[in-house]
1. What dipole magnitude, in Debye to the nearest 20, does the chain give about its Cα centre under +1 on Lys/Arg Cβ and -1 on Asp/Glu Cβ?
2. Along the charge dipole of region 7-83, pointing to its positive end and built from +1/-1 on Cβ of Lys, Arg, Asp and Glu, which listed residue (81, 45, 20) has its Cα farthest out?
3. List every residue whose amide H lies under 5 Å from the amide H of residue 62, counting only residues 5 or more places away in sequence or on a different chain, with H placed 1.01 Å from N in the peptide plane.
4. Amide H of residue 334 versus every other amide H placed in the peptide plane: which residues, excluding those fewer than 5 positions away on the same chain, fall under 5 Å?
5. ³J(HN,Hα) across region 117-123 via Karplus (A = 6.51, B = -1.76, C = 1.60, θ = phi - 60°), whole Hz, x for Gly/Pro?
6. In nm, what is the difference between 0.36 nm times the number of residues separating residue 263 and residue 388 and their Cα-Cα distance?
7. Whose amide H sits under 5 Å from the amide H of residue 193, counting only residues 5 or more places off or on another chain, with H placed in the peptide plane?
8. Antiparallel DSSP bridges in region 7-83: what percent, to the nearest 5?
Amino acid sequence: MLIARIGGAVITALAPRHGAEADALIWNGRKPARRAKLIVRAACAGDVAEAVRFAAANGLTVSPRGGGHQFTGIATQADMVIDLGALDGLTLDLAARTARVEPAVTNARMAAALERHGLAFPLGHCGSVPMSGYLLGGGVGWNSAEWGFACFSVAAVEVVLADGRLVTASARENADIFWAARGAGPDFLGVVTAYHLELREAAKATSTCVRVYPAARVADVAAWAESVMADAPPCVEFTCKVTPAPNGPVIAAIATVFARTDAEACAIHTALGHDAPEALQVVGPMPTPISALYEATEPSMPRGRRYAVDTLWSEARFGEVLGRITQDMARAPSGESMALVVLRPNAVETPRDAAFSCHGRIFGALYAIWEGERDDARNIAWLRTAIDGVAPLCTGAYVGEADLDRPDRALPTLAPEMRARLDALRSVLDPRGVFLRRIPSPALAAE
Ligand SMILES: Cc1cc2nc3c(=O)[nH]c(=O)nc-3n(C[C@H](O)[C@H](O)[C@H](O)COP(=O)(O)OP(=O)(O)OC[C@H]3O[C@@H](n4cnc5c(N)ncnc54)[C@H](O)[C@@H]3O)c2cc1C
């Protein structure tokens, strides 16, 4: 009996509360149709190892669950879900500027701990998201143009493999596993029970300026953005947030500057404002420490709503991508939906020694957000039509927020050679397929 061998809990499909417990593991208000038969609430890494050994011995597939934030609810769709929600240890080594974090530590908790010591990490844009799946998928975080995608600040991982062994992987030991842990996302070949992170000095003068435009100005906004961002330093994060409105979509051009001093921030904002099209409204520049950034993003993605989400990377002209997405937003069935389109020509080079291999000068994320189940089909159809429409301009998608429910996805989440290397590694480390493979890719769909 598994329950006798672990410190945590086991909930079987026969337990009266099984359905509610399985659904509660998923952040999205829209719950997946398939539920894991066994829910294992791990209390420690040893429990994870026991659960994986039990699953392997009984021919069960496994999915780890960090915070259940992947919008498609994939965390609970294997035979057994191992809930890592209780693994939330956080230790800082201030002298070495490193941290050991367990999977359930959230962005908000990490930000608060680091802020006290003047330290930073490329944390994700919403406070509730845990390190668990955020780091595995790559981590498109705050100030990613300067600090890089978060997985490149991971120095090592502690991992339970398909045979139940707990190993450490870094550039020096188990380097193949470390390669996969940086970007494989839900197709990773083990359960990460802790991350070792490299920290950096915090930006001391973070500030944001928001300019609001009607959809009719989209071409002018895009041309201005291309022009000023061509010379912008990496510490500028430039995002157009597009939302539906009764008189047509509204574009909020948001420039967040992670500067070292107020004078530097001021100079950068002045340069960014050069020749900016006349806006309906300008807010800022205003100081936005990380806590303020989280306060600003949280209301856009309320918990409990129903979500369908997909992402894109593109090398096309900003005006083409933003124009297309703004048109799509005019047709969104729900007024709560939104798109984020990030222009990042100022990004530092992305290392190539990791599974994370789809990225670009433009990042886009489309969020269908609505309330009632009766509107599921309309909103999902809108999202998929919008993504299919923009796909010819795109090179790939970001796995962390990709619509993995689609067997016919047009956009890959890994470069083909990285997908092949991951598959080869899987045949060695998980030959019996204990960890459920969940990512359809164009190549797979064609097989
Ligand atoms: C409100 C919100 C805001 C977001 N903002 C951002 C953002 O700014 N930047 C960004 O990059 N992403 C963002 N995301 C996406 C988020 O990073 C991913 O959904 C990520 O998977 C969340 O981690 P999780 O542990 O909750 O994943 P879960 O849904 O729990 O797990 C998804 C899958 O990841 C794998 N997995 C998770 N943890 C582990 C582990 N410890 N070991 C092995 N496999 C594991 C499993 O295969 C699992 O099925 C956001 C999501 C939400 C809901």
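1. Details: 43 positive and 48 negative charges, 185 e Å.
Charge dipole of the chain: 900 debye, to the nearest 20.
2. Value computed over the given set: 20.
3. 79, 80, 435, 436
4. none
5. With coefficients 6.51, -1.76 and 1.60, one gets 10, x, 10, 8, 8, x, 6 Hz.
6. Details: separation 125, 0.36 × 125 = 45.00 nm, distance 4.39 nm.
Here the segment from residue 263 to residue 388 would lengthen by 40.6 nm.
7. Close amide H contacts, sequence-distant or interchain: 158, 159, 160.
8. Values: 3 of 11 bridges.
Antiparallel: roughly 25 percent of the beta bridges in region 7-83.
The numbers here are math on the coordinates, done by the rules we state, and not lab data. Keep in mind it's a predicted model, so treat the numbers as computed, not measured. Glycine also receives a Cβ, built like all others from the backbone with ideal geometry; neighbour counts cover every protein chain displayed.
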